[in-house]
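Reading through the structure tokens given below for one structure.
The values are calculated or read from the model by the stated rules, or taken from the named source; none is laboratory data. Keep in mind it's a predicted model, so treat the numbers as computed, not measured. Virtual Cβ from ideal backbone geometry, glycine too; neighbours counted across all protein chains shown. Surface accessibility is based on the protein's heavy atoms, side chains included, excluding ligands, DNA and RNA. Shrake-Rupley method; radii C 1.70, N 1.55, O 1.52, S 1.80 Å.
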Amino acid sequence: MSNRDFPLFTVKTDCQDCYKCVRRCPVKAIKIEDNSAMIVTDLCIACGICYHVCPAKAKQTRNDLPRAKFLVKEKKPVYVSLAPSWVTEFPDYTPEQMIAAIRRLGIRGVSETALGAEEVSCQTAKILGAADSGLFISTACPTVVEYVEKYLPELTPSLINVSSPLLAHCRLLKDKFGDIETIFIGPCIAKKLEADRHPELLSLSLSFNDLRQWLKDEEIDPAALKPGVFDIFVPEKAKEGVAYPIEGGMIETLKPYPESAKAYLTQITGIYNIERELDNLKDRPTGRPVFLECLACPGGCVNGPCTASKTPGLAKRFEILRQTEFDDRAGKRTPCADIRLNYTPENLIKCEFTETDIKKVLTKIGKYTLEDELNCGGCGYDTCRNFARALLEGKAEPEMCVSHMKHQAQRKANALIRCIPSPIVIADSKLNIVEYNDQFRDAFWNDEEHADIYDYENLRGANLRDFVNFTNLFSASLDLEQDIRREHVRQDERLFDVVVFNIDKKQSVGGIIEDVTNVEMRKEQIASKAKEVIHKNLATVQQIACTLGEHMAETEVLLRSIAKDYSTAEPENSELNIRTSSTKREY
């Protein structure tokens, strides 16, 4: 059966891998797969605890409402088996209004599951009366039946061989009305399993929430309806069977039968209680029949996983008792239908692992000695060894171990802090040092200031203000809840580039501090030398220019002297020069 075909399934995209369902599942029928908590259908008993406790609502029940709507459109008449706990779930409606509303959905008739409960009590009393001794476990709760068959197969013969009140009721309805379809409406998820396994009796099972949705879809308000003469329970109203959904209710219906007087009658509710009591049951009763009324939900079906009512359990119990009638027929009924049902144990495959296998897995999650096995339950398993078995079975992942992940994270963080060459410090909201690396200590330790106050080997708990004078950056980061970066922060004769970052809002802050003093000094030295070279170059240029200026002056004097001398000799050849000039112009 695929995950979504099973009555319960996980919406993978909604799962937050919090492991709450693993912790609460009484049979550990949860497998962590791709960081999602998936239900192992072969192991599940459909108790609905995971559905009830999932904070992300990732656990969902199979939606059978479309199938119910399809059934009412078919030719066969459809009858509803209504759980008696409806009175605590819909306290504002009268029985007639409730029946009228359901019938307007296309339902032929509405009957009380409590009629089947009365039949079960009748036949159970006969079985107890015929027994001289032995243990008898009620089969009214399908989750209890699933648990015994799967996890306590040796107690399967103790399951009393009558069907559940629901299946008994479906048999009564079919005997009465012929070829019909039956739909159960109630607070139970496990009833869907009964529908899957006995389709010849029960067509499908809906929750009270499904009923609300169906009424909403059809725009039916029960409070606004005026019931007619046919809006009554068929074939008749139930009496003492109405007490079944509360703890001890079945026993109350058995007490009027003389046959049950010889048996010891007791009840256990809550799957954890049932698990604890039945698992430790060593000796079988002798000399007198012992009947155990077992209901998986604490306090009974009125507190089922699909109930929306927030009314306290005791108030629900009183309301059910108020609706219960013990008339003259109580304790005097005779069997009306064949509701016998045999139960067989399921052979679950149990993997056996050696001590070597378990220890090998334990070392992978940091459990090297017995003292390392904290048994904290954070992974969802009560002991580290059970968690190791789940790892070997492929149902769990190492990341589920909280202490292992914490130590691994610490080791990685410490390795990073240790290996980063720059000074690193982490402080809390009061600026007390939480973590640091050796580079920080070596950079800011001062024997004169710190030796008498702090231990050189351990600065955790020391106040950061005693080591750096720029703690205002850390305080600002905590207040503003943002990262801060500052360059060339001066402390004494040194310069630092500081990056302060938030770790936990308002709680802790970290800082990476880089000493840039030498870098800045080198920059200044290079700048100084560059300036010196520039000055020298300028001086050289000026000297060259000065020298060139002197040469130019001397050249100018020389040329002027030559020009002067040349102009003085020019008249001796003036006639020739005049003729030459004239000839050039003519040409």
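7 Å from Cα along Cα→Cβ at both Asp279 and Cys376: what's the point-to-point distance in nm?
Placing both labels 7 Å along Cα→Cβ, they lie 2.2 nm apart.
Straight distance only, please: which aspartates and glutamates reach the Cα of Lys505 with their own Cα at less than 16 Å, same-chain residues fewer than 8 apart left out?
Partners within reach: Asp428, Asp479, Glu481, Asp483.
Multiply the residue gap between Glu352 and Val516 by 0.36 nm, knock off their C-alpha separation, and tell me the result in nm, one decimal place.
Numbers: separation 164, 0.36 × 164 = 59.04 nm, distance 6.20 nm.
Fully extending the segment from Glu352 to Val516 adds 52.8 nm.
Measure nothing but the geometry: give the 0 to 90° angle between the long axis through the Cα atoms of 142-151 and the longest principal axis through the Cα atoms of the chain, rounded to 10°.
Helix 142-151 sits roughly 70 degrees off the main axis of the chain.
Based on DSSP H runs of at least 4 residues, each adding -39500 (n - 2.57), what is the mean residue ellipticity at 222 nm of the chain after dividing by all its residues, to the nearest 500 deg cm²/dmol? Write out the running numbers ahead of the final one.
Details: 21 runs with 240 residues, N = 587.
Here the helix-only value at 222 nm equals -12500 deg cm²/dmol.
Compute the angle between helix 208-217 and the longest alpha-carbon principal axis of the chain, please, reported from 0 to 90 degrees and rounded to the nearest 10.
For helix 208-217, the angle is close to 70 degrees.
Pairs of alpha-carbon atoms within less than 8 angstrom and 6+ residues apart define the contacts here; what relative contact order does segment 56-164 have, in percent?
RCO, segment 56-164: 24 percent.
Would you list the P(r) distribution for segment 141-225, with all Cα-Cα distances sorted into 10 Å bins from 0 and each bin expressed as a whole %?
Distribution as computed: 16, 37, 31, 12, 4, 0 percent.
Could you tell me the largest-minus-smallest coordinate of the C-alpha atoms of segment 461-502 on each of the three principal axes, in descending order and whole angstroms?
Here the Cα extents, ordered largest to smallest, are 30, 26, 12 Å.
Return the inverse of the average 1/r over all pairs of distinct C-alpha atoms in segment 128-271, which is the Kirkwood hydrodynamic radius, in Å to one decimal.
17.7 Å
Could you please tell me the mean projected area of the C-alpha convex hull for segment 425-525, averaged over all directions and given in square nanometres to one decimal? The partial results should precede the final answer.
Details: hull surface 25.5 nm².
That works out to 6.4 nm².
For segment 346-397, treating each Cα as an identical point scatterer without solvent, what Debye log10 I(q)/I(0) comes out at q = 0.19, 0.23 1/Å?
-0.61, -0.86
So what is the diffusion coefficient of the chain in µm² per second by Stokes-Einstein at 4 °C and 1.567 mPa s, using a Kirkwood Rh over Cα pairs? The partial results should precede the final answer.
Details: Rh = 31.7 Å.
Once the numbers are plugged in, D ends up at 41 µm²/s.
Convex hull volume of the Cα atoms in segment 211-335, per residue, in Å³?
Values: hull volume 20.2 nm³, N = 125.
Once divided by residue count, the hull of segment 211-335 is 162 Å³.
Measuring from label point to label point, each 7 Å out along Cα→Cβ, what is the Thr311 to Arg104 span in nm?
About 2.3 nm separates the two model spin labels.
Which whole-number value in Å² is the accessible area per residue of the chain, probe 1.4 Å?
Each residue of the chain exposes 54 Å² on average to a 1.4 Å probe.
Assuming R0 = 60 Å, what is the FRET efficiency of Val434 and Arg288, from their Cβ-Cβ distance, to the nearest 0.05?
The pair Val434/Arg288 has a calculated efficiency of 0.35.
Rounded to two decimals, what is the ratio between the C-alpha radius of gyration of segment 4-130 and 2.2 N^0.38 Å?
Segment 4-130 yields a ratio of 1.39.
Give me the one-decimal nm value for the distance between modelled label points at Asp42 and Leu480, 7 Å along each residue's Cα-to-Cβ direction.
6.0 nm
Based on the alpha-carbon gyration tensor of segment 1-43 and its eigenvalue square roots a ≥ b ≥ c, which shape applies: rounded if a/c is under 1.5, prolate if not and a/b is larger than b/c, or oblate? Before the final figure, lay out each step's value.
On the way: a/c = 1.93, a/b = 1.13, b/c = 1.71.
Note, shape of segment 1-43 comes out oblate.
Sequence neighbours fewer than 8 away in the same chain don't count; with that in mind, list the lysines whose C-alpha is under 28 Å from Lys75.
Lys75 reaches Lys174, Lys176, Lys191, Lys192, Lys216, Lys226, Lys237.
Please determine, in degrees from 0 to 90 and to the nearest 10, the orientation of helix 574-586 with respect to the longest principal axis defined by the Cα atoms of the chain, where the helix direction is its Cα long axis.
Value to nearest ten degrees: 40.
So if we plug the beta-carbon distance of Lys226 and Gln323 into 1/(1 + (r/R0)^6) with R0 = 25 Å, what FRET efficiency do we get, rounded to 0.05?
With a Förster radius of 25 Å, E is 0.65.
Mind running the shape call on segment 132-173? Use the C-alpha gyration tensor, a ≥ b ≥ c as the square roots of the eigenvalues: rounded below 1.5 for a/c, prolate if a/b tops b/c, oblate otherwise.
Note, shape of segment 132-173 comes out oblate.
Would you work out the relative contact order for the chain, in percent, from Cα pairs under 8 angstrom that are 6 or more residues apart? Don't jump to the answer; show the numbers that get you there.
Values: 928 pairs, mean separation 78.1, N = 587.
This gives 13 percent for the chain.
Counting alpha carbon pairs within less than 8 Å and at least 6 residues apart, what relative contact order, in whole percent, applies to segment 287-388?
11 percent
Determine the share of the chain's accessible area contributed by carbon and sulfur atoms, expressed in whole percent, with a 1.4 angstrom probe.
The C+S portion of the solvent-accessible surface of the chain is 52 percent.
Rounded to whole Å and ordered largest first, report the semi-axes of the equivalent ellipsoid of segment 342-436 derived from its Cα gyration tensor (root of 5λ).
39, 15, 11
Hey, with R₀ at 22 Å, roughly what FRET efficiency would Ile453 and Ile503 work out to, going by the Cβ-Cβ distance, to 0.05?
Result of the calculation: an efficiency of 0.30.
Within 10 Å, at most 11 other Cβ atoms, and a DSSP state outside H, G, I, E, B define an exposed site. Report the longest part of the chain free of exposed trypsin sites (Lys or Arg not before Pro).
76-281
Pull up the cross-link candidates among the aspartates and glutamates for Lys59, meaning alpha carbon to alpha carbon under 18 Å and not fewer than 8 places away within one chain.
In chain and number order, the partners are Asp5, Asp14, Asp17, Glu33, Asp34, Asp42, Asp210.
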